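Here's the structure, in structure tokens; my notes come after.
The values are calculated or read from the model by the stated rules, or taken from the named source; none is laboratory data. Values in this document were obtained by computation on a predicted structure and should not be read as measured data. Methodologically, a virtual Cβ is constructed for each residue, glycine included, from the backbone with ideal geometry; neighbour enumeration extends over all protein chains shown. Note: areas computed on protein heavy atoms with side chains; ligands, DNA, RNA excluded. Shrake-Rupley method; radii C 1.70, N 1.55, O 1.52, S 1.80 Å.
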Amino acid sequence: MSTAMTFGTKSFTPRPPDKGAFPLDHFGECKGFKEKFMKCLRENSFENALCRQESKEYLECRMERQLMAKEPLEKLGFKDLIDEKSEAEHNKL
């Protein structure tokens, strides 16, 4: 007789989260933007508020190359950094 009891045979199928999971940049398409962002963080004692422009550029690169889902920059917290020209270019894509 077994001490383990099974109350059902439900199978669990893991799935990635809706947000926060995206493909890795295996081909280094956005490596330059990432390095610029990381350099800014190191130079500013990892105070990310001082590197928002670099962060925005990195995320734009990832979205343009389909390494993450496209999201409006306003939704990502960059409304104050968007000028009309970059927004127009972003909407063309």
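Descriptive notes on the structure:
- Taking the criterion of being part of a helix (DSSP H, G or I) and either touching a helix residue (DSSP H, G or I) at 6+ places or on another chain (Cβ under 8 Å) or on the phi > 0 side of the Ramachandran plot (or both), the only residue of region 63-85 that qualifies is Leu81.
- Looking only at region 1-34, and only at residues there that are basic (Lys, Arg) and at pLDDT 65 or above, the one that is surrounded by the most Cβ atoms within 10 Å (Cβ to Cβ): Lys34
- Checking Phe37 against (1) part of a loop (DSSP other than H, G, I, E, B); (2) at pLDDT 85 or above; (3) of a type in the set (A, V, I, L, M, F, W, C), the condition it does not meet: (1)
- Region 24-35 residues that are within 11 Å of Arg65 (Cβ to Cβ), paired with ones that are acidic (Asp, Glu) and not in a loop (DSSP other than H, G, I, E, B) (beta carbon under 6 Å, 6 or more apart): Phe33/Glu57
- Residue satisfying all of: in region 40-56; in a helix (DSSP H, G or I) and of a type in the set (Asp, Glu); least open to solvent (accessible area, probe 1.4 Å) among these: Glu54
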